[in-house]
Amino acid sequence: MSKPICQFESIEDRFNFGKYNGLSLSDVMEINPSYVEWCLSQCDGVHILFDDNVISQLEKVFPEYPITASFIELCVQRQCDCKLEIIEEDEDDFRNYIKNNDPDTYSRYAGSYAQDEMGYSDDDIDTIFDGDSNAYWNID
């Protein structure tokens with residue numbers, strides 16, 4: 001993965017980057033609570049992930065810290081961005097693996113959308129689409 005992940009499942013989980021590297025989320029909240037939101041909105045070089053449990057813990061342990069809609073939106077956006085990056089990288093890795101390790105089953109329908117874009121093998125196209133790679137477009 002191109003970006004490292006800093007995942008918090010508890011407020012006792014530790015930062016693995018930045019000026020508070022090695023400190024727990026709860027320690028950073030006591031020292032500099034604005035740093036947490038700053039990281040969510042500004043740290044583009046790392047995926048910072050808070051699960052729902054962490055947000056609940058923050059609300060209980062640090063009631064003076066406002067968990068706003070924008071804070072929650074930043075948390076959700078970070079999770080979505082990370083998942084998208086993982087999906088995109090895994091999909092590319094899978095397609096490259098198939099093409100490099102099984103070239104014989106990707107030759108007859110080369111150039112078709114079903115094969116080149118969707119990753120269906122020759123065998124898949126023969127079985128699923130009765131040998132018609134254009135039949136892919138009829139799937140609902």
Here the qualifying pairs (Cβ atoms under 8 Å; residues six or more apart or on different chains; first in region 65-85 and under 22 Å from D27 (Cβ atoms); second of a type in the set (F, W, Y) and open to solvent by less than 80 Å² (accessible area, probe 1.4 Å)) come out as C75/F50; R78/F50
Of the conditions (1) at pLDDT 75 or above; (2) surrounded by fewer than 10 Cβ atoms within 10 Å (Cβ to Cβ); (3) in a helix (DSSP H, G or I), the single one that N100 does not satisfy is (1)
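Would you mind stating whether L58 is touching a residue at least 12 places away in the same chain (Cβ under 8 Å), open to solvent by less than 50 Å² (accessible area, probe 1.4 Å) and out of contact with any Asp or Glu (no Cβ under 8 Å at 6 or more places or on another chain)? If you could, list the steps in order and put the result at the bottom.
Values: touching a residue at least 12 places away in the same chain (Cβ under 8 Å): yes; open to solvent by less than 50 Å² (accessible area, probe 1.4 Å): yes; out of contact with any Asp or Glu (no Cβ under 8 Å at 6 or more places or on another chain): yes.
So L58 passes the test.
Table: residues versus (1) open to solvent by less than 50 Å² (accessible area, probe 1.4 Å); (2) in contact with a Cys (Cβ under 8 Å, 6 or more places away or on another chain).
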residue: F17; (1), (2): yes, yes
residue: E30; (1), (2): no, no
residue: S34; (1), (2): no, no
residue: Q42; (1), (2): no, no
residue: D51; (1), (2): yes, no
Looking across region 61-85 at residues that are under 11 Å from the mean Cα position of the chain (by Cα) and surrounded by 14 or more Cβ atoms within 10 Å (Cβ to Cβ), the single one that is nearest to E9 (Cα to Cα) is Q79
When region 119-133 is checked residue by residue, the ones that are open to solvent by less than 80 Å² (accessible area, probe 1.4 Å), of a type outside the set (G, A, S) and either part of a loop (DSSP other than H, G, I, E, B) or touching a residue at least 40 places away in the same chain (Cβ under 8 Å) (or both) are Y120, F129, D132
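The values are calculated or read from the model by the stated rules, or taken from the named source; none is laboratory data. Computed from a prediction, not measured in an experiment: that's the story for all the values here. Because the Cβ atoms are built from the backbone with ideal geometry, glycine has one as well, and the counts that use them run over all protein chains shown. SASA here: full protein model, heavy atoms, side chains in, ligands and nucleic acids out. Shrake-Rupley method; radii C 1.70, N 1.55, O 1.52, S 1.80 Å.
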